[in-house]
1. So in region 208-239, with the set limited to residues that are more than 30 Å from residue 50 (Cα to Cα), free of Cβ contacts under 8 Å to residues at least 40 places away in the same chain and touching a Gly at 6+ places or on another chain (Cβ under 8 Å), which one is surrounded by the most Cβ atoms within 10 Å (Cβ to Cβ)?
2. Within region 134-151, how many residues are charged (D, E, K, R) and either surrounded by fewer than 22 Cβ atoms within 10 Å (Cβ to Cβ) or not in a loop (DSSP other than H, G, I, E, B) (or both)?
3. Among the listed residues 61, 72, which satisfies the condition of being touching a residue at least 24 places away in the same chain (Cβ under 8 Å), in a loop (DSSP other than H, G, I, E, B), under 20 Å from residue 309 (Cβ atoms) and of a type outside the set (Lys, Arg)?
4. Taking region 85-108 on its own, how many of its residues are assigned to a strand (DSSP E or B) and either surrounded by fewer than 18 Cβ atoms within 10 Å (Cβ to Cβ) or polar (S, T, N, Q) (or both)?
5. I need every pair where a residue in region 303-322 that is over 19 Å from residue 156 (Cα atoms) and of a type in the set (Val, Ile, Thr) has its Cβ under 9 Å from the Cβ of a residue that is modelled with pLDDT of 95 or more and part of a helix (DSSP H, G or I), sequence separation at least 6 or different chains.
6. Mind telling me which of the residues 82, 68 ends up being open to solvent by less than 20 Å² (accessible area, probe 1.4 Å) and in contact with a Lys or Arg (Cβ under 9 Å, 6 or more places away or on another chain)?
7. How do the pairs read when you match residues in region 182-207 that are outside any loop (DSSP other than H, G, I, E, B) and open to solvent by 70 Å² or more (accessible area, probe 1.4 Å) with residues anywhere that are modelled with pLDDT of 95 or more and of a type in the set (D, E, K, R), using Cβ under 8 Å and keeping only pairs 6 or more apart or on different chains?
8. Would you check which residues across region 288-303 are outside any strand (DSSP E or B), open to solvent by 30 Å² or more (accessible area, probe 1.4 Å) and under 26 Å from residue 19 (Cβ atoms) and list them?
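The values are calculated or read from the model by the stated rules, or taken from the named source; none is laboratory data. All figures in this text were calculated on a predicted structure; none of them were measured in a lab. Here Cβ is always computed from backbone atoms with ideal geometry, including for glycine, and neighbour counts include all displayed protein chains. The protein model used for the area step is the full one, side chains on, heavy atoms only, and it has no ligands, DNA or RNA in it. Shrake-Rupley method; radii C 1.70, N 1.55, O 1.52, S 1.80 Å.
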Amino acid sequence: MRAMRAETFSGYQGLKLIELPKPAITDGKVLVRMTAAGVTPLDHTILSGKFHGSKAPLILGNEGAGVVEEGGGTDFPVGSRVMFFGAYGAFEDGTDSEWVAVRKEDLCLIPDNIDDVSAASIPVAYLTAQVALTLAGFRAGKTVLAPAIGGSIGNAVTQLARALGAKHAMSSTTNHTKAERAKTLGFNEVIDTSLEKLPDGVRRITSGYGADIIIDGVGGEVLSQALGALASEGRVITLGYSASRQTTIDVTNLIVPQASIRGLNMFAQPKTTITDAWKVIVSLLEAGAIKPIVAKAFPLTEAAAALRYLVEGRPFGRVVLTI
């Protein structure tokens with residue numbers, strides 16, 4: 001089978017197209033013929049040698065979609081369309097290949113109204129978003145801020161919060177063109193930080209109230225600014241660092257509103273947490289209440305170009321490899 005593997009963690013040039021034997025399945029694993037794989041910032045972090053625990057050579061990709069070929073039993077019969085997320089592409093070979101042996105508990109059936117390319121972009125973004133919202137104590141009527149509307153987490157949180165009854169489902173962008181694009185897609189509570197500061201935008205939208213929940217997948221200065229938008233007893237979940245791993249916090253932004261902040265590591269979540277999140281996501285997908293946005297699809301052979309486009313092009317929506 002063909003696979004795009006990081007032979008070294010040395011940047012884009014470390015990716016090589018290679019031939020490997022089709023994986024043999026063992027107890028508890030299902031052979032999936034891949035049709036599409038999501039491209040994520042984590043791929044770039046790993047390829048740059050900045051992620052703990054990953055070792056080269058490694059096939060990247062920790063989410064994807066495909067068709068069951070063997071081992072799925074009655075839950076996932078041969079021919080079933082499935083999507084999945086896991087430690088693939090980080091601590092074991094991942095989804096940037098023609099076949100993957102997937103743990104059965106990681107699989108989820110793809111709703112009939114979702115195509116494979118869109119499905120490949122769902123697991124990481126929407127599972128992370130739903131788990132984060134749950135961890136933050138979300139319920140209908142809350143005000144939610146998830147910066148970076150064009151990014152995977154910002155967009156997924158905004159969609160989920162809105163679909164689940166948030167009073168305000170807010171996001172942001174530093175790019176005026178993206179702000180206008182967001183409006184055309186129906187995201188009407190996006191703060192254009194080229195025109196106003198993030199906390200000011202949140203206070204304007206919420207009539208001075210602030211954000212009950214902040215889900216931040218960006219880090220850096222964005223996280224620092226977002227803390228200034230917290231409502232009384234607000235909660236912050238931080239889970240990404242695409243902007244930077246470091247920031248400076250004004251502690252009074254936590255002390256005055258008696259707010260709290262905690263981290264989220266998706267690789268450390270109990271299986272029951274993931275299962276519960278999938279139930280919510282699938283129901284909303286089937287109802288058309290949420291819809292993944294794919295910016296561009298690349299063939300497997302252009303995995304390096306796809307990752308460069310994601311990291312340097314900063315598109316509005318997800319980047320996917322077709323296999």
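1. Among them, the one singled out is 230.
2. 1
3. Exactly one of 61, 72 is touching a residue at least 24 places away in the same chain (Cβ under 8 Å), in a loop (DSSP other than H, G, I, E, B), under 20 Å from residue 309 (Cβ atoms) and of a type outside the set (Lys, Arg), namely 61.
4. 3
5. 322/116; 322/117; 322/120; 322/300
6. Within the list 82, 68, the selection yields 68.
7. Correct list of pairs: 204/196.
8. 301, 302
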